[in-house]
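Report on the structure given below.
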Amino acid sequence: YKLGKLFPTDEIGKIMSQLIESSASNADIIADVERAAAELQCTVDREMSRLLVRYVLQNTVAQLGGADVLQKSETDALIVKEEKDLLEARRPLLKKWLDKESDQAFALFEVQKCAQDMNYPKGFLSRILATLYDLEVVEEKGVRDWLLPPDNRHPFLKIAKDNFEIKDNVEAKKQAQKFIDWLDASED
């Protein structure tokens, strides 16, 4: 790769995208991203982790047949085997850079954006959240901080939420309600 040092997030994002699209192994993606980060003299930060989630989800949606297929889905299941299998294949990659709950919450805004960009296919947001939770890629605290970013602890979460219009955040919560209800019930 020929890397430009001015925008390391963009450069590393391009590498992630190309490797995921080419079905590179998780180990190869991790090695290439870490090599590029070293060359660019940067670390893989939360912005890069958010890009990773974007590319993994875009690839997952493509492998499922695209947004049109997801729009036609009538399943009421919270976890769909085919979706889970695809995300599980990328679990080590996602876990690598989503170890902090605050980074998980930040990355969930990318999940929200992906669902929004596809005009919220029925149940998609709840299913992806449930699957990422089931695969232990995101923890409950990360989900809760995505839903209601703490003002005092991680201001970047509030900024991420404010990047969406209020109606979009309301719609995302509505679309995620099935998973949120399940999460609330599991606490009891």
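The values are calculated or read from the model by the stated rules, or taken from the named source; none is laboratory data. As the structure is a computational prediction, the values presented were derived from the model and not from experiment. Heads up, the Cβs are rebuilt from the backbone with ideal geometry, glycines too, and the neighbour counts pull from every protein chain shown. These area figures cover heavy atoms from the full protein model, side chains too; ligands, DNA and RNA do not enter into them. Shrake-Rupley method; radii C 1.70, N 1.55, O 1.52, S 1.80 Å.
Can you give the Rg/Rh ratio of the chain, where Rg is from the C-alpha atoms and Rh is the Kirkwood radius? Rg/Rh: 0.96. Between Tyr55, Val44, Leu19, the Cα set farthest toward the positive side of the dipole of segment 1-93 (charges on each charged residue's Cβ, about the Cα centre) is that of Val44.
Rounded to the nearest 500, what is the chain's calculated 222 nm mean residue ellipticity when only DSSP H runs of at least 4 contribute -39500 (n - 2.57) each, over all residues?
-22000 deg cm²/dmol
Distance from a point 7 Å along Cα→Cβ of Glu140 to each backbone N in segment 167-188: keep the residues under 13 Å and list them by number. Of the residues in segment 167-188, 180-188 have backbone N under 13 Å from the label point off Glu140.
Cα-based values for segment 87-135, radius of gyration first and Dmax second, are 11.0, 30 Å.
For Met16, the accessible surface of its heavy atoms amounts to roughly 0 Å² (probe 1.4 Å, protein chains only, rounded to the nearest 10).
The trypsin sites (Lys or Arg not before Pro) of segment 106-158 meeting both criteria, a DSSP state outside H, G, I, E and B (loop) and at most 12 other C-beta atoms within 10 angstrom of the site's C-beta, are Arg153.
Given a 1.4 Å probe and every protein chain left where it sits, what share in percent of the accessible area of segment 65-123 is carbon and sulfur?
Numbers: 1370 of 2830 Å².
The value for segment 65-123 is 48 percent carbon and sulfur by accessible area.
The listed residues Phe164, Phe7, Phe109, Phe156 rank as Phe7, Phe156, Phe164, Phe109 when sorted by accessible area, largest first, using a 1.4 Å probe.
Give Lys14/Lys113; Lys141/Lys174; Lys84/Lys173; Lys72/Lys161; Lys72/Lys167; Lys122/Lys161 a once-over and call out the pairs whose C-alpha atoms are over 26 Å from each other.
On the way: Lys14/Lys113 19 Å; Lys141/Lys174 19 Å; Lys84/Lys173 21 Å; Lys72/Lys161 28 Å; Lys72/Lys167 24 Å; Lys122/Lys161 22 Å.
Flagged as over cut-off: Lys72/Lys161.
Trp182 exposes around 110 Å² of accessible area when a 1.4 Å probe is run over every protein chain in place. Annotation note: trypsin sites (Lys or Arg not before Pro) in segment 21-94 located in DSSP loop regions with a Cβ neighbour count of at most 14 within 10 Å are Lys72.
Using a probe of 1.4 angstrom and keeping all protein chains present, the accessible surface of the chain works out to 51 square angstrom per residue. Evaluated at q = 0.18 Å⁻¹, the base-10 log of the normalised Debye intensity for segment 104-188, with identical point scatterers placed on the Cα atoms, takes the values -0.72.
Restrict the search to segment 2-100; then list the GluC sites (Glu not before Pro) that DSSP places in a loop and that have at most 16 other Cβ atoms within 10 Å of their Cβ. Walk me through the numbers on the way to the answer.
Details: sites: Glu11, Glu21, Glu34, Glu39, Glu47, Glu74, Glu82, Glu83, Glu88; in loops: Glu74.
Passing both the DSSP loop test and the Cβ count: Glu74.
Here Val80 sits with roughly 40 square angstrom of accessible surface, probe radius 1.4 Å.
Hey, any idea what % of segment 4-44's accessible area is carbon plus sulfur with a 1.4 Å probe?
Values: 1160 of 2260 Å².
Percent of accessible area from carbon and sulfur atoms in segment 4-44: 52.
Pick from Val53, Val170, Val111: which residue has the top mean-square fluctuation in a GNM of the chain where Cα pairs under 10 Å get a spring? Between Val53, Val170, Val111, it is Val170 that shows the largest mean-square fluctuation.
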